[in-house]
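Report on one structure; see the data block that follows.
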Amino acid sequence: MVDSRCGLHCTGCEYKESSGCGGCIETMGRPFHGECPVAACCQEKGFLHCGQCPDIPCNLLTGYSCDPEHGDTPQGARIEQCRIWRQDEEGNHQ
């Protein structure tokens, strides 16, 4: 289930309840922390998620995914998730 633009799962996120955040898809790229540049880029290009972009992984997504302080554990997890979503979509079209 695609629940974000960048591959970060919103399901179970602590901010979903505490901040009433609907995630970047529901809020059109403005989750609890304000405008998200990854979501904005994805939306501007007309993609549901970054896995649909031919430039994956771009510098912007990589910067978010591999940020030492706020990035993924393990690093690059959201990039992998976007690739999985893309593979799932490609499998459904065959």
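The values are calculated or read from the model by the stated rules, or taken from the named source; none is laboratory data. Only a predicted model underlies this, so the values are computations on that prediction, with no experimental measurement involved. Using ideal geometry, Cβ is built from the backbone for each residue, glycine included, and neighbour counts are taken over all protein chains shown. Heavy atoms of the whole protein, side chains included, go into the accessibility calculation; ligands, DNA and RNA do not. Shrake-Rupley method; radii C 1.70, N 1.55, O 1.52, S 1.80 Å.
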Does Glu17 count as part of a helix (DSSP H, G or I) and at negative phi? yes
Selected residue (criterion: nearest to Leu8 (Cα to Cα)) from residues of segment 50-62 that are out of contact with any Asp or Glu (no Cβ under 9 Å at 6 or more places or on another chain) and open to solvent by less than 40 Å² (accessible area, probe 1.4 Å): Cys50
Residue satisfying all of: in segment 5-37; open to solvent by 40 Å² or more (accessible area, probe 1.4 Å) and small (Gly, Ala, Ser); nearest to Gly51 (Cα to Cα) among these: Gly12
Could you give me the residue pairs with C-beta distances under 7 Å whose first residue belongs to segment 46-67 and is free of Cβ contacts under 8 Å to residues at least 24 places away in the same chain, whose second residue is among the hydrophobic types (A, V, I, L, M, F, W, C) and surrounded by fewer than 21 Cβ atoms within 10 Å (Cβ to Cβ) wherever it lies, and which are 6+ apart or on separate chains? Cys53/Phe47; Leu60/Cys41
Go through segment 63-88 and report how many residues are of a type outside the set (D, E, K, R), over 16 Å from Ala39 (Cβ atoms) and open to solvent by less than 80 Å² (accessible area, probe 1.4 Å). 5
